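Data block below; observations after.
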Amino acid sequence: MRLPTFRREGFIIGFTLLCAVVAAATWLFAIQGGGDESSVIRVDSGWGETEITARLERPVSYRVFTLDDPRRVVVDFEQGAWPEGSAPAALDGSMVSGVRIGLFRPGTARMVVDLAEPARVETALFEEDGFHLTLEDTSASAFTAAAGAPEQSLWGTRNLPGSLALPRGPRLPAPGEPLVVMLDPGHGGIDPGAMRDGLMEKDIVLRAARTIGAALEATGRYIPVLTRSDDTFLPLDARVEEARRIRADVFISLHVNTVTVGQAQGVSVYSLSETASDKAAARIAALENRADILAGVDLEGEGSTVARILVDMAQRETNARSRALAAALVQKFDAKDGAIRSNPHREAGFRVLKAPDIPSVLIELGFLSDPEDRARMQSAAWGEGVAREIIAALDTWAEADRAARALVRH
Ligand SMILES: [Zn+2]
C-alpha cells in the first residue's frame, strides 16, 4: 500500500515521530473490503492534520465545501461511479468522526466527512492513487465563517495553475477587474467529437483549453475556468448552467471541425442565431448539438412562455455582445496568414451558446480533414499561438464592451 504524499514539512516530521514512537497512534481506517488494496477510502491522522484518500480510477471534476451544524466537509464528484460505503464507527482521536460516500444524484457522487472538531480544507487534489483531501485544525469561529455556500466552490478547475478566487455578487466588472472566462472544451468521455487518423476532437480541444487557460491566467486580466478538465462527458446545457452559476463574463466553446466533401481549412468563429447564416453553419450546429443525443440526455424543459420572453430580451443584448466578441476574434485570427477561411464569422443555433446573459462564442479551431490543419494542431506551439489570438481579441473586445455598457447604464 503506497503511503500518501504529504505536502507539509511539519506534518512529515509529526507523522514520522508519531510512527516511530507509537505505531498504534497512527490511525488507518478503511471502508469497503477491510483495509486491503481494494479499500475505497483511507483516513490517516497526524498532529493537527488528517488526510483522507479516496481511490478513484481516474480523476473527475469535483468541488469541495464545508457545512456547519453539524460540522462536515462535503466533496461532490461529477461522473463518479463509486461503490457506496461508510466509515467504521470509531475514529478515536481523529478530527474526523466518520466518512460516508454514495450517489448524491444521477452523475454525482458525494463524500461527506463528519468532523469531530472544526477543520479547514488545506488541500484537495487528485494524485495518481486517487483523490486526496487534507484537513487542518481551525477555530470554531473560522469554521463557521467559511462554512456553506457551494457557490464558492467550482467544478473542474483542478488542472489550472494557481488559485481561482472568484469575485462574488452581481457581475458588473469594474475597470481593471479580471474577467471570468469560461473555457469549454467540446465533447469528452463517450462523445469523441470529430475523428481522423486516430486523432479525436475531444483530446485536441482539451489540450488547447488547458494552454489557453494558463495563458489567460498569466495575464492577470482574466480568471479562466474550464467546464471540463479531463476526459469526461458533459451535457451541453450543463456547460451553460455552470457558466451562469459561476457568473462567467465570457463563454468560449472550443471545437475542431471536419468535412467529408470538398476542402476547408482554418479557424471559424460562431455566435448564436436561431436562423443559421448559411447551410454549412446550420449543419455544423446540428453536428455539435448531437452530443447530447449521443449520450441520451433529455432535451425537454424549455420553460414557460413568460420565462422564454424574458430570456429572449436578455438574449438580444447578449447576442450583440457575442457578435462583437466573434468579430474581434476573427480579426485577430485573420491577422495570421492562412489561419482563416472565407466567411469566418457565422451564426447558427448552437445549444451551448444559449446563456441569456453571458456573451458566448464557439471557435472551430481547424479542420481534422485538412492535412495542414492537422499538422498545425499537433505542433507544440499551436496552443500558445491560439491563446495569443484569443487574449488579443478579449483585450480589444473587453475595452469596447465596458465603454458600451457604461453608456447604456447612464
Ligand atoms: Zn465539436
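No lab work stands behind these numbers, since they all come straight from the coordinates. In this text the structure is predicted, and so the values were computed from the model without any measurement. Every residue, glycine among them, receives a Cβ derived from its backbone with ideal geometry; neighbour counts consider all protein chains shown.
Distance from the alpha carbon centroid of segment 359-380 to that of segment 205-229 works out to 17 angstrom. Backbone phi angles across segment 248-254, fed through the Karplus curve with coefficients 6.51, -1.76 and 1.60 (θ = phi - 60°), yield HN-Hα couplings of 5, 8, 9, 10, 10, 8, 10 Hz in residue order; Gly and Pro are listed as x.
Suppose R0 equals 22 Å. What FRET efficiency, 1/(1 + (r/R0)^6) with r the Cβ-Cβ distance, do Arg245 and Thr219 give to the nearest 0.05? It comes to 0.35. Computed from phi, the 3J(HN,Hα) profile of segment 42-53 under the Karplus parametrisation 6.51, -1.76, 1.60 (θ = phi - 60°) reads 9, 10, 10, 10, x, 5, x, 8, 9, 10, 10, 10 Hz, with x in place of Gly and Pro.
If you bin all the Cα-Cα distances of segment 179-409 at 5 Å, starting from zero, the percentages per bin are 1, 7, 15, 20, 22, 18, 10, 5, 2, 0, 0. The residues packed around Pro70, meaning those with a beta-carbon under 14 Å from its beta-carbon, carry a net charge of -1 if Lys and Arg are +1 and Asp and Glu are -1. Residues whose amide H comes within less than 5 Å of that of Gly130, counting only those at least five positions distant or on another chain, are Leu56 (H built at 1.01 Å from N in the peptide plane). Dipole of segment 188-289 computed with +1 at Lys/Arg Cβ and -1 at Asp/Glu Cβ about the Cα centre; of Thr219, Ala276, Leu287, farthest Cα towards the positive end is Thr219. Between Tyr222 and Leu179, the built amide H atoms are under 5 Å apart, and every one of these is 5 or more places off in sequence or on another chain. Here's how it looks for Gly366: its modeled amide H is under 5 Å from those of Asn257, Ser268, which are all 5 or more places away or on a different chain.
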